[in-house]
Amino acid sequence: MSRYLLSVLFFIFPIALFAGEIAVNITVLDANKQPVAFAKVSLTNADDTGKRLSGLADESGIIKLPAESRQRYILDISAAGYRSLNDSIVTSDTATDRTFLLTASTERLNEVVVKAVRPLMRQEDDKTIIDPQSLVESSSSGFEVIEKTPGLFIDQDGNIYISSTTPATIYINGRQMKLGASDIASLLKSLPPNAIEKIEILRTPSAKFEASSSGGVVNVVLKKGVKIGLTGQVYAGLQQGRYGNQYIGGNLSNQSGATTTYLNGGLNNRNYYEELTSDRYLSADTVLMQFSKTNRNQQSGYVGYGISHEINEKWQIGWDGYFTLGSNKNYNSINNYFRDFADTLNYSYTNTSSPGNTFLSNQDASLKYKIDTAGSEWTTTFSHVYTSGNTDQDYETVSPGIYSLKGDGNFKSRQSSFTFRSDVNYKFPRKLSMEAGVNLAVVSFNNQSAYFTGFNGNREQDHNRTSSYTFAQNVNTGYAQLSKTFFRDAILKAGLRVENTNMRGEQTIPDDTSFRVNRTDLFPYVYLSKDLFSMIGVKLRGFLVYRRSVARPSYDQLNPFPRFVDQFLTEAGNPNLQPQFTNTYEANVCVDEYPVFAVGINDKTDMITSVYYQEGAANREGLRTFDNIGKNREFYLKGVAGIPPGGKYFFIIGAQYNHNTYEGLYDGTPIRFLGDNWMLFTHHNLKIGNRTQMTLNGFWRMKGPMQFMQLGNIGRLNLSINRQFLDKKLTLTANIEDLFFTNNSTFALDQGNVKVSGRRITDSRRAGLNLRYNFGIRKKEEHRNMFDMSDDAGK
């Protein structure tokens, strides 16, 4: 622990010794001292007019531009609906802060249009930012938007992966969703696609983020009020595969003086199926062949809302929240065949019905204090998340002429989490900044289940599946990190995070499987960024990152409750799981904020993975659970190339290579093996005239391991075309998802005494129509070449 602390201190304190160019912080306000969002600001050196800086102010009317000290600059500010302003600024040896007021134009405007187009992908410090606008038009839910995001991979269980074979941690609005993978997938599927403002991808998150993110972080930022008057949108659509989906929704936001409000919501009806074929070898000459078909019907509603109010120039308060309510009806049928090399030894079938409902509430209260005009601020938030679920299950297993086994039960779950967070971001002179904060998080979970069985007409309680389980977790965190710009273009950021973890789980029925975890860990973080060189007029910038992280077992991974799948398979958690720790080392290169290449290593200990064990007489009983297998070293390469937006056509194409070394114990048997995997991804956009564009995106993951499971080739290619009408306010989109029906895979597992193989197919090929109508004064898409920061960009 002391070694990590000394290494961080070694990096933090020397960075304050370096000095660099100063910053010019400009705030643009109107006559009522309200922010003028997206004003265009340019600075021209009075002695050398070839030196020119420009950009757009943010939604708070603030822009920060780098400049030379002790120089005179000519200032130009323009914004739609306001008179242009010309002035001059003389910089000093420290950061220069200036505020300017714009006068409203006497010309009447019917609509404010800011045109400037953000790139699909761009790099900002240690995170990749995705602008999902082109993905939203052809998506029916937030989950589908993430599915189409270049560089992300979602497996058929809903886990999201970035660069590692460890699933990413999902955040919404900067706060971790402490839910299981299936719960997060359900939440994202109920989320309207146009509710997403941007997606932030962090392969190596800084000390500001919780250390429990070994696979990186995917932060879904939802839209809030846009500070340009009234804006809104309504939409509706449908998709048709083997079964159909329908959705409808809208959003509305408004600013009145210092108060901004927004409201959005949607209804979604999803129908789809899944088919699973597997061969499980029970002995050298006996195999259990299973064919399973599941029909799923999910209906959900989403409502999001918020209000923020600027008390004065310093203080701002806000309240944001959303609710989701869903019901689902799942039907599953399985045919089982026991065979040897000669013929069928036995046959049975199982039918299962699992109707249920879910509810989720997320409420956030925030208080922000602007310390100075340089961008220093103090933010405090209090969040509460509550989820509940209630599922009934009825099943029947029949072996014709031999026996009939029936069962039924009810499973209830409740989860509540409270989070208090307070962060300070302070900007010192000479491009030195500090981030520090505390985070207190409390999570409680409990489930109650009661199951009964009936054999040939006799009904009794199923003691193996009736259970009572509670889980509680408290994580207390403090962190601090410094960032310093030196030598004009180099940025060094170093931080340390301390996390105190307290976990408690108790099962009283059927057995006592109580456990306790109390530990304190240190998580250092170091980040270095510097301009490398220019090539054919394009500037390359390099990044080096080191991070230590932890993957704590979640409540669903720890929950020992056995869930019935079929008469030969049960799913359950493992209360004996230990945390997984990862050391990550990465180097990457960007071209003018665009990520083009990354190479890294993930070293994992006590790796948590999904496992499959065979038990009982003749190995007929299968158990799907989680376990700490051993060590895993993962080496990865990732490259991206393409034509940037700005013209009629742009595209992105990328590739990722992963090489894994596994070493440990599987079901008591030593294992050591190597695994390689390639994944390709792409995104294309073609403009056909001023009102029509075509989009093609997808991925192809080649045969390789996913932890201990060997997967076959799997991919997805999506095609959409949209056309704008009524002065570009109405957009009609036609799309086909999984065009060649390749988003299904073969799988194989051959570890210990387990040998199983099969194929999994889902209702992924779908054709759909989407209709969206925008109204009010709104901010349109930005037309700015991601490689071009000149004044002419976006005109």
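The values are calculated or read from the model by the stated rules, or taken from the named source; none is laboratory data. Since this is a predicted model, take the numbers as computed values, not measurements. As a convention, Cβ positions derive from the backbone with ideal geometry for all residues, glycine included, and neighbour counts pool all protein chains shown. Surface accessibility is based on the protein's heavy atoms, side chains included, excluding ligands, DNA and RNA. Shrake-Rupley method; radii C 1.70, N 1.55, O 1.52, S 1.80 Å.
Quick test of your reading of the structure: VAL443 fulfils all but one of (1) modelled with pLDDT under 85; (2) farther than 23 Å from TYR331 by Cα. Name the failing condition by number. Unmet for VAL443, out of (1) modelled with pLDDT under 85; (2) farther than 23 Å from TYR331 by Cα: (1).
The rows are residues; the columns are (1) assigned to a strand (DSSP E or B); (2) at pLDDT below 85; (3) not small (Gly, Ala, Ser).
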site: THR625; (1), (2), (3): yes, no, yes
site: LYS631; (1), (2), (3): yes, no, yes
site: PHE635; (1), (2), (3): yes, no, yes
site: GLY646; (1), (2), (3): no, yes, no
site: PHE651; (1), (2), (3): yes, no, yes
site: GLY654; (1), (2), (3): yes, no, no
site: ASN660; (1), (2), (3): yes, no, yes
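Taking residues in the range 220-236 that are more than 15 Å from SER308 (Cβ to Cβ) and in a loop (DSSP other than H, G, I, E, B), and partners anywhere that are of a type in the set (A, V, I, L, M, F, W, C) and at pLDDT 85 or above, the pairs with Cβ atoms closer than 8 Å and at least 6 places apart or on different chains are LEU230/LEU252.
Apart from one condition, TYR331 fits all of (1) more than 26 Å from PHE741 (Cβ to Cβ); (2) open to solvent by 50 Å² or more (accessible area, probe 1.4 Å); the exception is (1). Would you point out the residue of the range 237-288, among those that are open to solvent by 20 Å² or more (accessible area, probe 1.4 Å) and among the charged types (D, E, K, R), that is farthest from SER333 (Cα to Cα)? Applying the filter and picking the extreme gives ASP285. Residues of the range 58-77 that are touching a Leu at 6+ places or on another chain (Cβ under 9 Å), modelled with pLDDT of 85 or more and open to solvent by 40 Å² or more (accessible area, probe 1.4 Å): ILE74, ASP76.
If we scan the range 303-320, do we find a residue that is open to solvent by 50 Å² or more (accessible area, probe 1.4 Å), in a strand (DSSP E or B) and of a type in the set (Lys, Arg)?
For the range 303-320, residues open to solvent by 50 Å² or more (accessible area, probe 1.4 Å), in a strand (DSSP E or B) and of a type in the set (Lys, Arg): absent.
Against the list (1) modelled with pLDDT of 90 or more; (2) open to solvent by less than 40 Å² (accessible area, probe 1.4 Å), the condition ALA767 fails is (2). The C-beta contact set for the range 649-662 (first residue within 21 Å of GLY675 (Cα to Cα), second residue assigned to a strand (DSSP E or B) and hydroxyl-bearing (Ser, Thr, Tyr), distance under 6 angstrom, 6+ apart or interchain) comprises ASN658/TYR636.
Return the only residue of ARG547, ARG563 being basic (Lys, Arg), in contact with a strand residue (DSSP E or B) (Cβ under 9 Å, 6 or more places away or on another chain) and open to solvent by 30 Å² or more (accessible area, probe 1.4 Å).
Being basic (Lys, Arg), in contact with a strand residue (DSSP E or B) (Cβ under 9 Å, 6 or more places away or on another chain) and open to solvent by 30 Å² or more (accessible area, probe 1.4 Å) holds for just one of ARG547, ARG563, which is ARG563.
For the range 581-603, state whether one or more residues are open to solvent by 30 Å² or more (accessible area, probe 1.4 Å), touching a residue at least 40 places away in the same chain (Cβ under 8 Å) and outside any strand (DSSP E or B). For the range 581-603, residues open to solvent by 30 Å² or more (accessible area, probe 1.4 Å), touching a residue at least 40 places away in the same chain (Cβ under 8 Å) and outside any strand (DSSP E or B): present.
Annotation: of all residues in the range 62-85 being hydroxyl-bearing (Ser, Thr, Tyr) and in a loop (DSSP other than H, G, I, E, B), the one that is farthest from ASN25 (Cα to Cα) is SER84. Quick one: is SER300 of a type in the set (Ser, Thr, Tyr), under 30 Å from GLY244 (Cβ atoms) and surrounded by fewer than 17 Cβ atoms within 10 Å (Cβ to Cβ)? When the stated conditions are applied, SER300 does not pass them. Of the strands (runs of 3 or more DSSP E) that lie entirely inside the range 408-509, those containing 1 or more residues that are open to solvent by 40 Å² or more (accessible area, probe 1.4 Å) and under 20 Å from MET177 (Cα atoms) span 432-455, 467-486, 490-509. Pairs are defined by a Cβ separation below 7 Å, a sequence spacing of at least 6 or placement on different chains, a first member in the range 672-695 that is without any contact (Cβ under 8 Å) to a residue 40 or more places away in the chain, and a second member that is open to solvent by less than 40 Å² (accessible area, probe 1.4 Å) and aliphatic (A, V, I, L, M); the pairs so defined are TRP678/ALA655; LEU680/ALA655.
Do we have ASN295 as without any contact (Cβ under 8 Å) to a residue 40 or more places away in the chain, open to solvent by 20 Å² or more (accessible area, probe 1.4 Å) and either of a type outside the set (Lys, Arg) or not in a strand (DSSP E or B) (or both) here? The answer is no for ASN295. I want to confirm something. Restricting to the range 45-57 and keeping residues that are in a loop (DSSP other than H, G, I, E, B) and among the hydrophobic types (A, V, I, L, M, F, W, C), which single residue is least open to solvent (accessible area, probe 1.4 Å)? Filtering the range 45-57 for residues that are in a loop (DSSP other than H, G, I, E, B) and among the hydrophobic types (A, V, I, L, M, F, W, C), the one least open to solvent (accessible area, probe 1.4 Å) comes out as ALA57.
Table: residues versus (1) in a loop (DSSP other than H, G, I, E, B); (2) touching a Cys at 6+ places or on another chain (Cβ under 9 Å); (3) at pLDDT below 90; (4) among the small types (Gly, Ala, Ser).
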{"site": "PHE740", "(1), (2), (3), (4)": "yes, no, no, no"}
{"site": "ARG772", "(1), (2), (3), (4)": "no, no, yes, no"}
{"site": "ARG778", "(1), (2), (3), (4)": "yes, no, yes, no"}
{"site": "GLY794", "(1), (2), (3), (4)": "yes, no, yes, yes"}
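Within the range 486-501, the residues that satisfy the criterion of being in contact (Cβ under 8 Å) with a residue 40 or more places away in the chain and either among the hydrophobic types (A, V, I, L, M, F, W, C) or under 10 Å from LYS530 (Cβ atoms) (or both) are PHE486, PHE487, ARG488, ASP489, ALA490, ILE491, LEU492, ALA494, LEU496. In the range 688-744, the residue that is surrounded by the fewest Cβ atoms within 10 Å (Cβ to Cβ) out of those that are in contact with a Lys or Arg (Cβ under 6 Å, 6 or more places away or on another chain) and among the small types (Gly, Ala, Ser) is GLY712. The numbered conditions (1) more than 28 Å from GLU377 (Cα to Cα); (2) open to solvent by less than 10 Å² (accessible area, probe 1.4 Å); (3) polar (S, T, N, Q) are all true for SER42 except (1). Check the range 527-541 and report whether any residue there is assigned to a loop (DSSP other than H, G, I, E, B) and either without any contact (Cβ under 8 Å) to a residue 12 or more places away in the chain or more than 25 Å from the chain's Cα centre (by Cα) (or both). Yes, the range 527-541 has at least one match. Within the range 407-427, residues that are within 14 Å of THR391 (Cβ to Cβ) have Cβ atoms under 6 Å from residues that are of a type in the set (Gly, Ala, Ser) and surrounded by fewer than 16 Cβ atoms within 10 Å (Cβ to Cβ) in these pairs: ARG414/SER388, counting only partners at least 6 apart in sequence or on another chain. The number of residues in the range 356-380 that are under 20 Å from GLN415 (Cα atoms), touching an Asp or Glu at 6+ places or on another chain (Cβ under 7 Å) and either open to solvent by 60 Å² or more (accessible area, probe 1.4 Å) or of a type outside the set (Asp, Glu) (or both) comes to 1.
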